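First the structure, then my questions, so here it is.
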Amino acid sequence: MELSRSLLTARKIAAVIVDLGQTLLKGPITDDQLILDRERLEAIKFLHARGIQIFIISKNDREVVLRALEASGVDKDLFTYIMANLEPKVKNIARLLEATQISQSAAIFIDSDAAKRQAAQENFPRLHVLEPEQMIFLSAIPVLDIRSVELLSAIKHRQNRYRAKLDKWFLSWGKSASMELQIALRQEICVAAPSVNDLYRLARLFFTTQKLNFNPLVFADERELLEMIFQKVNSGSVIYAISASQQGNSFGLIGAFMVSINDNEATIENATFSSSAMGFNFEERSLAILLGKLRKQGVVRVFLHLINSTTNSNIQHLLWRMNFHFIGNDQNGNLLFNKYINRFDSEKYLPAIVETDKLDLDCPGIPEVINFFYQEVAPLIKEGDVIVNLGSAQGEVLGLLEAGQKEDFMSLVSMTKFTNLDLEDVPGMNNLVADAENLQTVFSDESQNQVWAIELLEHTKHPWRVINEMARICQIGGYIFITVPGKSFPKHEAPIDFWRIGPKTLVKLFPHDYFKVITLENAGLPDNLRRTMLVLQKTKATPIVLASAFIGGNFNEEDGITYFD
């Protein structure tokens, strides 16, 4: 059964709309014995893994649909939304497309009933309409075949944003006042300074939403933007992340502010909001919360720079609603607004959107470390290797807080004897508790094929002792993998932050008489590095004391860090 030419040549597919009875199931949804069509379910999983939104439209009660999914062993989270009611299916399709703003030509409707397929095609001429038997061919559609598998966190956040749009659309019926609607939506928001590692995520947001930035399209390269953010943080500016949720569904990271403070004045130098989270009043509420936080810090007057662009017209209207004053143009010709906030009350602005103190960001890890690991370290791992990861924490640097990335990583090390080691017992990591500065009673000499220290040395009081232990337990012919933050990486207190070890010093700590440098890679500007990543191979037995206490370096009294080249 061939697919239509319009579907085979489609430039975009964003959604698939299905029924359960006679579609995913081989009989009616009300049958006592539900029989699942495995091939069609695999087709749905294929689409879901590539970020396609799957919607169920059923003329049954929602509880009946949920029971059928559970009874047939189908994960309900595969589906972005379930529209279960007695309304005609064409009416529900119209509502779904209107609420989500998905175009007809980017959606596929699948139903076993020929009459319902015909009605859908007549009402939505550009909608792709299929019979259930055609589902197994969906992976052959070129626009879907070339899509890569997405991170589970990205899939979840996109689903939640579509769910929020649909929830708002349905809840708006019969709500006579905006406050009543806001309460019904159960929205929550957090505006807070993220951890240093999360700055990578914020840089990505600023770059990918450039058209929506207060100062849009000023960066041609994401690395350039990342360097600027690190420079801003190191010079005292504060980056605030914004996360939000609705009806218990998390949007994840939806925006960010870049703020500099000078005495009792603050300047919002830049900001951005994700387009998929717009239209929920989060922009106004987050700006109000930020102003409230600045007021508590003693700020009296706030300045805000804004490029006069079409996409920023909504922000201009927002500023006027919040009584910002236009005071002219700055030296770059951008719009300059200000507002006195010594009497500002953030709770006057959309208080039904509840402020929380927990940032809910996805945790993709540090991209440069992840890329280095899979390109330079992973190929060195062999079946049966004995590997220890010192100071493993929760594996957040490698992105292991994200389910998909953790599964890939665990699959990689499953063929080895792999040990996570940390100073404390870390929930969910099943780690060995020990001090990396002294492993004499934990590991025997030359017992490990690989020894890793990922973002560990800067957090230890005596990093040379860790290096001695790494050298001792690594086998001859084995590998040592180390990453350390560079000079431009901001101080991070958890748990302590004492050192910045540059590439020259790091390599010298492993003399060439005993070690061969396999790969040395630096990230950041040459004179102001953000990170150094190193892989070494041990070539012969090392002395008991390979490295002694660090001598020299430049101690910075302001941040308490000692810097080495």
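The values are calculated or read from the model by the stated rules, or taken from the named source; none is laboratory data. On a predicted model such as this, the values are computed, not experimentally measured, just so you know. Note that each Cβ is placed from the backbone with ideal geometry, even for glycine, and that neighbours are counted across all protein chains shown.
Can you tell me which of A106, A114 is under 31 Å from the mean Cα position of the chain (by Cα), at pLDDT 90 or above and small (G, A, S)?
Residue meeting the stated conditions: A106.
Still on this model: Can we say I35 is assigned by TED's automatic domain parsing to the domain that holds D111, buried (at least 22 other Cβ atoms within 10 Å of the Cβ) and farther than 13 Å from M135 by Cα?
When the stated conditions are applied, I35 does not pass them.
Just checking, which of N262, N323, N329, N308 is out of contact with any His (no Cβ under 9 Å at 6 or more places or on another chain), surrounded by fewer than 14 Cβ atoms within 10 Å (Cβ to Cβ) and at positive phi?
One residue alone meets the criteria, N323.
In the set I155, I108, I102, I136, which member is assigned to a loop (DSSP other than H, G, I, E, B) and not assigned by TED's automatic domain parsing to the domain that holds I183?
The match here is I102.
Could you list all residues from the range 406-423 that are under 29 Å from T542 (Cα atoms) and either part of a loop (DSSP other than H, G, I, E, B) or not charged (D, E, K, R) (or both)?
Hits for the range 406-423 are V413, M415, T416, F418, T419, N420, L421, L423.
On to the next question. Out of the range 454-483, which residues are touching a helix residue (DSSP H, G or I) at 6+ places or on another chain (Cβ under 8 Å) and not charged (D, E, K, R)?
I454, L456, L457, T460, P463, V466, I467, Y479, I480, F481, I482, T483, listed by residue number.
Still on this model: Across the range 235-273, what is the total count of residues that are within 30 Å of L166 (Cα to Cα) and either part of a strand (DSSP E or B) or more than 23 Å from the chain's Cα centre (by Cα) (or both)?
Number satisfying all stated conditions: 19.
I've got another one for you. Restricting attention to the range 293-349, which residues are of a type outside the set (S, T, N, Q), under 30 Å from the mean Cα position of the chain (by Cα), assigned to a loop (DSSP other than H, G, I, E, B) and more than 14 Å from E283 (Cβ to Cβ)?
Listed by number, the list holds a single entry, I307.
Here is a list of conditions, (1) within 22 Å of G560 (Cβ to Cβ); (2) surrounded by fewer than 17 Cβ atoms within 10 Å (Cβ to Cβ), and I467 meets all of them except one; can you say which number that is?
(2)
Kindly indicate whether R201 is modelled with pLDDT of 75 or more, basic (K, R) and over 25 Å from I289 (Cα atoms).
no
Now for a separate question. Does E437 qualify as being closer than 30 Å to P543 by Cβ, of a type in the set (D, E, K, R), in a helix (DSSP H, G or I) and modelled with pLDDT of 85 or more?
No: the conditions fail for E437.
Could you list, in sequence order, the residues of the range 1-32 that are touching a Phe, Trp or Tyr at 6+ places or on another chain (Cβ under 9 Å) and exposed (fewer than 10 other Cβ atoms within 10 Å of the Cβ)?
Once the filter is applied, which keeps residues that are touching a Phe, Trp or Tyr at 6+ places or on another chain (Cβ under 9 Å) and exposed (fewer than 10 other Cβ atoms within 10 Å of the Cβ), the range 1-32 yields M1, E2.
Then there's this: Give A277, A193, A256 a once-over and let me know the one that is modelled with pLDDT of 85 or more and closer than 30 Å to Y81 by Cβ.
Answer to the selection: A256.
Can you tell me which residue in the range 95-115 is surrounded by the most Cβ atoms within 10 Å (Cβ to Cβ), limited to those that are in contact with a helix residue (DSSP H, G or I) (Cβ under 7 Å, 6 or more places away or on another chain) and without any contact (Cβ under 8 Å) to a residue 60 or more places away in the chain?
Taking the candidates together, the pick is L97.
Which numbered condition in (1) modelled with pLDDT under 85; (2) not assigned by TED's automatic domain parsing to the domain that holds I473; (3) not in a helix (DSSP H, G or I) is the only one that L400 fails?
Here L400 clears every test but (2).
Out of everything in the range 25-72 that is part of a helix (DSSP H, G or I), within 22 Å of K165 (Cα to Cα) and of a type outside the set (A, V, I, L, M, F, W, C), what residue ends up being modelled with the highest pLDDT?
Of everything passing the filter in the range 25-72, H48 is modelled with the highest pLDDT.
Can you tell which of V535, V484, V507, V545 is modelled with pLDDT of 90 or more, within 20 Å of A436 (Cα to Cα) and not in a strand (DSSP E or B)?
V507
Suppose the filter is over 27 Å from I476 (Cβ atoms), in a loop (DSSP other than H, G, I, E, B), in contact with a strand residue (DSSP E or B) (Cβ under 8 Å, 6 or more places away or on another chain) and modelled with pLDDT of 85 or more; does K358 pass it?
yes
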